[in-house]
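What follows is a set of notes on a single structure, which appears directly below.
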Amino acid sequence: MASLLFFLPLISLVELIPCVTAQSGEACLPIPDNCTAGFKCRKIVVNGMKTFACIADGCFPGDALVHLYDGGSRAMKDLKIGDKVAGGPGSGYSEIYAFGHKELDAAHKFLQVKTDESVLELTAGHFIPVQVEEKLVYKRAADLKVDDRLFTRFGVSQVTELSEVEKLGLYNPLTLSGHILVNDIVASVHSEWFLDSLFDALGVSQYLPSSYQLLLSPIRALYKLAGRELYSTGYAMLNSFVNVDEISRKFGGTIVVTMGLLGTLAVTSKLIKEM
């Protein structure tokens with residue numbers, strides 16, 4: 001009960017966070033339904049020019065490649081729950097336990113980030129770790145600049161070019177480690193969600209990925225407790241009745257709290273039975 005009382009203010013706060021979308025390349029207008037639509041307005045820099053863009057929540061296109069534990073690679077659109085994928089140097093390989101977004105055929109705009117060795121496309125609201133004075137700092141893709149140092153399969157590489165492209169699909173696999181190696185560049189699995197406006201206002205947006213990782217820990221615990229096969233079967237059954245990704249996008253704050261509480265209860269019950 002105490003846990004529920006702790007989370008209730010968080011649920012209420014979700015309703016107060018403003019949602020905006022882009023009217024044009026010069027301004028943003030508030031649109032109340034935008035939370036449901038799943039799009040936000042973000043100021044981005046493309047080829048040195050600042051502009052506003054209406055973007056989807058953080059994702060990768062369907063043709064983005066990830067490395068598998070068995071040594072092969074797989075397109076983002078073909079990933080499934082339980083796949084063990086590379087997280088980059090220091091993260092090893094980690095299993096996918098959920099999808100924050102999974103849209104097959106729609107065309108969307110992505111920021112294209114080029115380094116000397118790799119090219120990565122991701123939406124502007126997706127977080128990516130950057131090396132700043134020998135420390136790891138999380139930035140949104142929209143805030144990346146030429147010469148920023150990114151973590152890659154080969155070490156650390158500088159951003160050489162930023163541009164905008166249109167590609168098919170929106171995918172956001174969530175891994176147990178919180179990182180995923182996409183097109184040989186390390187990215188966070190986390191992107192814009194229901195706490196962003198609050199953290200932005202406090203000037204602590206770099207801590208959003210670790211905060212979302214913590215919030216989702218009960219679900220990861222449930223995945224580990226149930227095991228890959230049982231969890232995957234349950235996830236597929238639930239998704240056959242309701243579109244899990246769509247519901248998560250519309251009601252993300254409330255959903256994560258509810259699932260977190262259920263996961264906590266499940267883990268607690270398991271521990272009590274084993275005592």
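Quick look at the values:
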| item | result |
| --- | --- |
| Top-ranked residue in region 212-234 [being hydroxyl-bearing (S, T, Y) and crowded, with 17+ Cβ neighbours inside 10 Å; ranked as nearest to L65 (Cα to Cα)] | S232 |
| Condition check for S163: modelled with pLDDT of 80 or more, out of contact with any helix residue (DSSP H, G or I) (no Cβ under 8 Å at 6 or more places or on another chain) and farther than 20 Å from G87 by Cα | yes |
| D200 being within 24 Å of K114 (Cα to Cα) and surrounded by fewer than 23 Cβ atoms within 10 Å (Cβ to Cβ) | no |
| Candidate set from region 83-117 (those that are part of a loop (DSSP other than H, G, I, E, B) and at pLDDT below 95); member that is farthest from V66 (Cα to Cα) | D116 |
| Output for region 120-138, where each listed residue is out of contact with any Lys or Arg (no Cβ under 9 Å at 6 or more places or on another chain), surrounded by fewer than 16 Cβ atoms within 10 Å (Cβ to Cβ) and touching a residue at least 12 places away in the same chain (Cβ under 8 Å) | L136, V137 |
| Check on A141, more than 29 Å from G72 (Cβ to Cβ), surrounded by 24 or more Cβ atoms within 10 Å (Cβ to Cβ) and touching a residue at least 60 places away in the same chain (Cβ under 8 Å) | no |
| Residue match in region 109-129 (condition: acidic (D, E) and more than 15 Å from I185 (Cβ to Cβ)) | no |
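For (1) among the basic types (K, R); (2) over 13 Å from the mean Cα position of the chain (by Cα), each residue gets a yes or a no:
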{"site": "V146", "(1), (2)": "no, yes"}
{"site": "R149", "(1), (2)": "yes, yes"}
{"site": "S163", "(1), (2)": "no, yes"}
{"site": "E166", "(1), (2)": "no, yes"}
{"site": "P173", "(1), (2)": "no, no"}
{"site": "E229", "(1), (2)": "no, yes"}
{"site": "A236", "(1), (2)": "no, yes"}
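The values are calculated or read from the model by the stated rules, or taken from the named source; none is laboratory data. Here the structure is a predicted model, which means the values were calculated and not measured. Neighbour counts run over all protein chains shown; Cβ positions are idealised from the backbone, glycine included.
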